[in-house]
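Please read the structure below before turning to the comments.
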Amino acid sequence: MNRLNDPEKDLVSRITCEVGFQDRLVGYRIRERSGSLRTSLYSFREVVDFLGDSFPQLPFEDLETWVRCAIGDPELAQRISDAVREESTDYERTCRIRSLMKERLSQCEETRPE
């Protein structure tokens with residue numbers, strides 16, 4: 001799998017900041033006793049952490065749209081779309097997407113000025 005291109009300065013800024021209420025992403029954590037717990041996600045890092053949960057439920061189409069529109073990263077959005085199309089289970093899709101998003105987050109944290 002090819003590495004993501006290095007992000008531009010403005011993309012680094014958008015990825016390392018929170019989005020507003022209207023641009024939040026909503027997912028669900030599934031728990032045995034309490035069922036679905038609605039979770040509002042306001043940052044790229046929160047989404048990465050959320051995807052590492054035991055049972056994250058997040059519509060991949062919503063995630064792709066959020067990355068493309070709210071974050072402004074068309075390259076990553078396309079890679080998410082590719083992962084959804086190419087992987088055969090939601091577990092595999094989630095793992096691959098989380099890996100891509102972790103890669104992008106690492107790139108941004110390395111690039112971000114202190």
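Every number in this text was worked out from the coordinates using simple rules, so none of it is lab data. Since the model is a prediction, treat every value here as computed from it, not as a measurement. Cβ placement follows ideal geometry from the backbone for every residue including glycine, while neighbour counts extend to all protein chains displayed.
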(message) Can you pull out every residue in the stretch 9-54 that is surrounded by 12 or more Cβ atoms within 10 Å (Cβ to Cβ) and among the hydroxyl-bearing types (Ser, Thr, Tyr)?
(response) SER13, THR16, TYR28, SER36, THR39, TYR42, SER43
(request) Of the conditions (1) buried (at least 16 other Cβ atoms within 10 Å of the Cβ); (2) touching a helix residue (DSSP H, G or I) at 6+ places or on another chain (Cβ under 7 Å), ASN5 clears all except one; give me its number. (result) (1)
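Okay, residues lined up against (1) over 20 Å from VAL26 (Cβ atoms); (2) crowded, with 19+ Cβ neighbours inside 10 Å; (3) aliphatic (A, V, I, L, M):
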residue: PRO56; (1), (2), (3): no, no, no
residue: ASP62; (1), (2), (3): no, no, no
residue: CYS69; (1), (2), (3): no, no, no
residue: LEU76; (1), (2), (3): no, yes, yes
residue: SER81; (1), (2), (3): no, no, no
residue: GLU87; (1), (2), (3): yes, no, no
residue: ASP90; (1), (2), (3): no, no, no
